[in-house]
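The values are calculated or read from the model by the stated rules, or taken from the named source; none is laboratory data. These numbers were taken from a predicted model, which means no experiment stands behind them. Positions of Cβ are generated from backbone atoms using ideal geometry, with glycine treated the same way; all protein chains shown enter the neighbour counts.
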C-alpha cells in the first residue's frame, strides 16, 4: 500500500531577520459562487478559500494572503475590481498585484450572523450583502457600511430569511423565503435615502420568476451559450453536477459545488475536468510530527498522508476506506503514532489496529477483535482506543482499550505480538497517554481515564510502573499504580515538556500540570486570556512553550514566567494571523523544520519560525541539519537575506569585512533555531559595500569559518 518573525525591526528601522511564515493547505469546496477573472480564468468562493482557476493553473487564497479567514460565500467582479464576502461578512478586495487581498470591512462579523451563499451584488459602487436576517449596503469607494435593513414587506427578515439578490440597472431585486421584492435605488446617493428602511418602499413582485436570476435551477440539463450539453458524465445520481456556466476567451467553465470542467470552443477532448490536486487529504483531525521533519495526518474518512510545507505525498485510504468519522471529534482521537525507524501505528474505532512500515506506506499487521487478541471490546467485537503512544524503548506501541470491567493497557510490538495488562483501570474508558522510562529502567505509563465516551465525562490520570517487558518475559505485568485528580471534565490530551520536566494536560475546559509532590493535577493560577476557551489538543516546543488548540479561538502559545507553571504568559494566534480556521482539532510541533502544524475541518495550517527548531544536535555527527551559508555570491538587491544555519542556539556569529572590521554580531534571540538571516546592512542601516566578507561561528568547542562575496 502506498500513501502516495513577525519581522524584527530595530528602532532605526533596519530589518535584519526574515519574517515568520504562515501557510496552509485547504480543500477548496464546496463552491458557492463564481465570476470571470481575467481573459481565461474564474474566481470562486469556497469553504476553503478564494480560488483562482485557469486551464493551466490553480491558486487558492487563504487567511495568510490577507483574507483573515478562509470560508467565503460570495464573489463579485466589476470594473471597480474583484470583491468577496466571507461566511460572517468580512469584505475583501484583491490587490493590484493579483496575489494578495486586503480587508475593506470586518464590522459585520460582530453580529455573528452568516451571509447568504451567492448573496452579494453590486449596484455601481454599492455592494449589497444578504445575511440570514438583514440586508447590508456597503460603499466600496469609502470602505464604509452605510446601513442595514432588517425588514422588507410584511415580515422581519429574521422570520422571512433572504435567499437571493439581483441588480438590473437602478433596480435591486430581493428574494426571501416567502416572496420576492423590488426597489428602485439611487446608488449615487444611497446614504441619504431616508426611506430605505421603510418596508413599504419595497414592491412585492407578482411573479418572482420574472427576474432571470431567481428562476429555479434546472438540474436536468447544462446550457452553455445556445447549446444544451448532454454528455453523461455531467450528471450523477443527484442530477446535474454543473450549476453555473462562465464564458471565457477559449470556451466555458462548467462549475458545480464540487466540480470544475471546461468546454473548449475547439479541440479534443471537447470537455475536460479540472481537478484540484494540491491537497486531497480532506477533513483532518490528527497530526503527528515525523522524525525526518514534516507531518503525518489522518482524515475522518480514513486517509493518511505525509506533508512538508512544499506539498503532500498523495494520501490513500487505509482499511478499505473506513475512517474514524464522527468519533474522531467526539472522542478527540489521537491514534496515529510513529517510531524513529518509520513504523507507524493506526486505529480505526471499533474495528482494527494496524502497523505499517516504511513511514506508513506498507501494511504489516492488522489486529481485529475477531482474531482472539487479548485487548478489550467495549461492545461485542468492538474495541475502542482514544490514544496511542510509542513504547518507551521504541519496541512498539502502547494504547488502552475500553471495557465496562475497567480499561486495559495493550502493548503491540513491531513484530506483531500483543500483550495486555487486563482491566487494571478503575474507569471504563481510557483517554490520552504518555510513557517514559524511570531511573530503574521501568516503564512509567500515564493513562487518563473517564466514566464514559463523552468529552464532558469525569475522570483523572492513572500512573502505572511496570518492569520493562524485555526483562519480564515480554509481558506488561507486575505493576504498581497511583491515581491523580484535580481537573474536570476528564483529560482529552497530554504532553510532556522535556525542557521543564513537566506533564501538561488539557480537558475540554481546563489546563493543568501534574504535580507528583502534591499527588494532584494543578490548574495554573494565572492564565490571562484563556477564559471561556474550549480545548482540543496540546503539544510542547523545544523551548518549553505549550501550544494548545481550541474550538473557535485558534491556538494559544503559553510560556512559563520564571519557570513557574502557575503563571503563564499567553499569546493567541487565529485566522487574522494566518490560521486556516479558528477551529483547531490538533496541534503538532515539527522540531526538525521548525514548524507548528494545525489541523482543521477544511485543511491544515502551518506556522514556520526559527525558535521552533531543535538546534541542540547541530554541528554533531547525529544532526540531520547541514551547516550551510548561502547564497554565494550574495546580491542584496536580488536576495532577501544571506543565511547561515546549522549551528546551536548558544553560538555567537560574527561577520567581518575584508579588512577585519566587525560588521555585525548575532547571538541570543537572533540565532534561535540555529539560523540567522542577514539583509546585508550595517548598524547604520546602509547596505555594506560589495566585496569579500567573512563569517565566524563560535559554537562552544566548535568553530566554523568561511567567506562569501557580496555583489551589488
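Do the conditions hold for residue 60, that is, is it part of a strand (DSSP E or B) and closer than 21 Å to residue 578 by Cβ?
In short, yes.
Using beta carbons and a limit of 8 Å, which pairs, at least six apart or on different chains, have the first residue in segment 495-517 and on the phi > 0 side of the Ramachandran plot and surrounded by 14 or more Cβ atoms within 10 Å (Cβ to Cβ) and the second one assigned to a loop (DSSP other than H, G, I, E, B) and at pLDDT below 95?
Cβ pairs passing all conditions: none.
Kindly check whether there is at least one residue in segment 452-464 that is modelled with pLDDT of 95 or more, outside the structural domain of residue 505 (by TED's automatic domain parsing), assigned to a strand (DSSP E or B) and under 25 Å from residue 329 (Cβ atoms). Let's see the steps before the verdict.
Taking segment 452-464 and keeping what is modelled with pLDDT of 95 or more, we get 461-464.
Subsequent filtering for residues that are outside the structural domain of residue 505 (by TED's automatic domain parsing) retains 461-464.
Now drop any that are not assigned to a strand (DSSP E or B), which leaves 461-464.
Going one step further and asking which of them are under 25 Å from residue 329 (Cβ atoms), we end up with 461-462.
Within segment 452-464, one or more residues are modelled with pLDDT of 95 or more, outside the structural domain of residue 505 (by TED's automatic domain parsing), assigned to a strand (DSSP E or B) and under 25 Å from residue 329 (Cβ atoms).
So that you can scan it fast, the table gives a plain yes or no per residue for (1) over 20 Å from residue 672 (Cα atoms); (2) modelled with pLDDT of 95 or more; (3) part of a loop (DSSP other than H, G, I, E, B); (4) not assigned by TED's automatic domain parsing to the domain that holds residue 102:
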residue	(1), (2), (3), (4)
593	no, no, yes, yes
598	yes, yes, no, yes
606	no, yes, no, yes
616	no, no, yes, yes
621	yes, no, yes, yes
640	no, no, yes, yes
643	no, no, no, yes
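In segment 184-206, how many are in contact with a helix residue (DSSP H, G or I) (Cβ under 6 Å, 6 or more places away or on another chain) and either modelled with pLDDT of 95 or more or outside the structural domain of residue 33 (by TED's automatic domain parsing) (or both)? Steps first, answer last, please.
Residues of segment 184-206 in contact with a helix residue (DSSP H, G or I) (Cβ under 6 Å, 6 or more places away or on another chain): 195.
The next check asks that each one be either modelled with pLDDT of 95 or more or outside the structural domain of residue 33 (by TED's automatic domain parsing) (or both); those that pass are none.
Residues meeting the conditions: 0.
Quick one: residue 228 ticks every box in (1) assigned to a strand (DSSP E or B); (2) surrounded by fewer than 14 Cβ atoms within 10 Å (Cβ to Cβ); (3) in contact with a helix residue (DSSP H, G or I) (Cβ under 9 Å, 6 or more places away or on another chain) bar one, so which box is it?
Of (1) assigned to a strand (DSSP E or B); (2) surrounded by fewer than 14 Cβ atoms within 10 Å (Cβ to Cβ); (3) in contact with a helix residue (DSSP H, G or I) (Cβ under 9 Å, 6 or more places away or on another chain), only one is false for residue 228: (3).
Is it true that some residue in segment 688-705 is under 20 Å from residue 611 (Cα atoms), outside the structural domain of residue 543 (by TED's automatic domain parsing), in contact with a strand residue (DSSP E or B) (Cβ under 8 Å, 6 or more places away or on another chain) and outside any strand (DSSP E or B)?
no
For segment 657-678, what are the residues that are crowded, with 17+ Cβ neighbours inside 10 Å and either over 38 Å from the mean Cα position of the chain (by Cα) or not in a strand (DSSP E or B) (or both)?
663, 670, 671, 672, 673, 674
Out of 345, 375, which single residue is modelled with pLDDT of 95 or more and assigned to a strand (DSSP E or B)?
345
Answer yes or no: is there a residue in segment 609-632 that is buried (at least 22 other Cβ atoms within 10 Å of the Cβ), farther than 27 Å from residue 707 by Cα and out of contact with any helix residue (DSSP H, G or I) (no Cβ under 8 Å at 6 or more places or on another chain).
No, segment 609-632 contains no residue that is buried (at least 22 other Cβ atoms within 10 Å of the Cβ), farther than 27 Å from residue 707 by Cα and out of contact with any helix residue (DSSP H, G or I) (no Cβ under 8 Å at 6 or more places or on another chain).
Is one or more of the residues making up segment 582-599 in contact with a strand residue (DSSP E or B) (Cβ under 9 Å, 6 or more places away or on another chain) and farther than 24 Å from residue 70 by Cβ?
yes
If only one of 676, 687, 626 is closer than 23 Å to residue 289 by Cβ and at pLDDT below 95, which one is it?
None of the other options fit; the residue is 626.
Would you check if residue 299 is within 30 Å of residue 535 (Cβ to Cβ) and surrounded by fewer than 16 Cβ atoms within 10 Å (Cβ to Cβ)?
no
Quick check on this structure: which one of 404, 394 is modelled with pLDDT under 95, part of a loop (DSSP other than H, G, I, E, B) and farther than 16 Å from residue 365 by Cα?
404
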